[in-house]
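Below is one structure, written out as structure tokens, with a few remarks after it.
The values are calculated or read from the model by the stated rules, or taken from the named source; none is laboratory data. Given the structure is predicted, the values throughout are model-derived calculations rather than measurements. Every residue, glycine as well, gets a Cβ built from its backbone with ideal geometry; the counts of neighbours run over all protein chains shown. Quick note on the areas: whole protein, heavy atoms, side chains included, nothing else; ligands and nucleic acids left out. Shrake-Rupley method; radii C 1.70, N 1.55, O 1.52, S 1.80 Å.
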Amino acid sequence: EGNMNERQRSGGLDQDTEWRQREWAEKSRQGEADEERTVFVRGVPFGARPEQVVALFEDAGVVDRVEGMFSRNRATGRAWITFESGSQAGQALDLHKAELQGRYIEVYPPWSRPARQALRQMQMDRDQQQGYGNDR
């Protein structure tokens, strides 16, 4: 019994997931902008197709669009998924650590540190592609 974690004792969501859902609900009440309707996913298998990602998330709600899975025709291992509503995106957080093609995916709000880091990396990649930041 001493080895049981909080999630096992409570029989429900762990505290981190509960906090993320409360944070999501608060931000969703502030409006239904794209950010409130979007989740960031990392760990997407390189062989996954957008249709497979949509199928995994359809229990959470209606997916409006999936973006960021490919850059220059190569898989990125991540995606931004936008739902019809903020509450549906909040439900998608429950899929954190779900399995897709034998890999665990991680699901975060778009304002989370992992999502912000991925956006910065995408911008740096785009800038390099356009020739910015090169010392030639």
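Conditions (1) open to solvent by 80 Å² or more (accessible area, probe 1.4 Å); (2) under 18 Å from ALA115 (Cα atoms); (3) in contact with a strand residue (DSSP E or B) (Cβ under 7 Å, 6 or more places away or on another chain); (4) modelled with pLDDT of 95 or more, marked per residue:
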residue: GLU35; (1), (2), (3), (4): yes, yes, no, no
residue: ALA48; (1), (2), (3), (4): no, no, yes, yes
residue: VAL63; (1), (2), (3), (4): no, no, yes, yes
residue: GLY68; (1), (2), (3), (4): no, yes, yes, no
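Only one of (1) open to solvent by less than 40 Å² (accessible area, probe 1.4 Å); (2) more than 12 Å from the chain's Cα centre (by Cα) fails for GLU84. Which number is that?
Unmet condition: (1).
Say whether the condition of being surrounded by fewer than 16 Cβ atoms within 10 Å (Cβ to Cβ) and either of a type in the set (Val, Ile, Thr) or over 20 Å from ALA33 (Cα atoms) (or both) is met by at least one residue in the range 90-97.
Here is the first cut: in the range 90-97, the residues surrounded by fewer than 16 Cβ atoms within 10 Å (Cβ to Cβ) are 94, 97.
Pick out the ones that are also either of a type in the set (Val, Ile, Thr) or over 20 Å from ALA33 (Cα atoms) (or both) and you get 94, 97.
Yes, some residue in the range 90-97 is surrounded by fewer than 16 Cβ atoms within 10 Å (Cβ to Cβ) and either of a type in the set (Val, Ile, Thr) or over 20 Å from ALA33 (Cα atoms) (or both).
Checking ASN73 against (1) farther than 11 Å from ARG42 by Cα; (2) modelled with pLDDT of 95 or more: exactly one of these is not met. Which one?
The number of the failed condition is (2).
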